[in-house]
Amino acid sequence: MSSQKPTRLHLLNEFESAPKSALFNQQTIAAVLSCSTQLLERNHWAGGGVPYLKIGRKVLYRKSDVLDFLQQQKVYHSTSNEGQSKLVENA
């Protein structure tokens with residue numbers, strides 16, 4: 001029986017096809033965010049990053065929380081773009 005590590009593509013497909021209420025481990029979320037599991041842990045200790053659940057010693061992430069976190073990380077290319085999006089949202 002081989003215990004191969006899942007590929008990044010497999011983890012991304014699993015995340016994409018799951019319902020918003022699905023829970024994922026650090027390895028999957030690190031693949032989604034293109035970062036290391038160590039960075040996720042460091043963010044926990046610093047009190048930031050993606051919201052997570054801790055069940056016993058296991059850290060899990062809800063898909064909807066990850067998607068919300070990604071939306072909040074939106075970067076504007078200029079201050080004029082930021083103002084335009086606010087105008088559209090308020091219209």
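Using the count of nearby Cβ atoms within 10 Å as a rough guide to exposure, how do Tyr76, Tyr61, Tyr52 rank from fewest to most?
Exposure proxy ranking, most exposed first: Tyr76, Tyr52, Tyr61.
What list of ³J(HN,Hα) couplings, whole Hz, do you get for region 21-35 from phi and the Karplus terms 6.51, -1.76, 1.60, once you set θ to phi - 60° and write x for glycine and proline?
Per residue, the Karplus-derived 3J(HN,Hα) values read 8, 5, 10, 10, 7, 5, 4, 5, 5, 4, 5, 5, 8, 6, 9 Hz.
Which of Arg57, Arg62 comes first, and how do the rest follow, when ranked by fewest Cβ neighbours within 10 Å?
Least to most surrounded, the residues fall as Arg57, Arg62.
For region 7-63, what log10 I(q)/I(0) values come out of the Debye formula at q = 0.28 1/Å, with one point per alpha carbon and no solvent?
So the normalised log intensities are -1.24.
Of His10, His77, how do they rank once you tally other Cβ atoms within 10 Å and put the fewest first?
The order, fewest Cβ neighbours first, is His77, His10.
Read-outs throughout are calculated quantities, based only on the coordinates presented, and are distinct from any laboratory measurement. Predicted model only: the values in this text are computed from it and were never measured. Cβ coordinates were reconstructed from backbone atoms using ideal geometry, including for glycine residues, and neighbour counts include every protein chain displayed.
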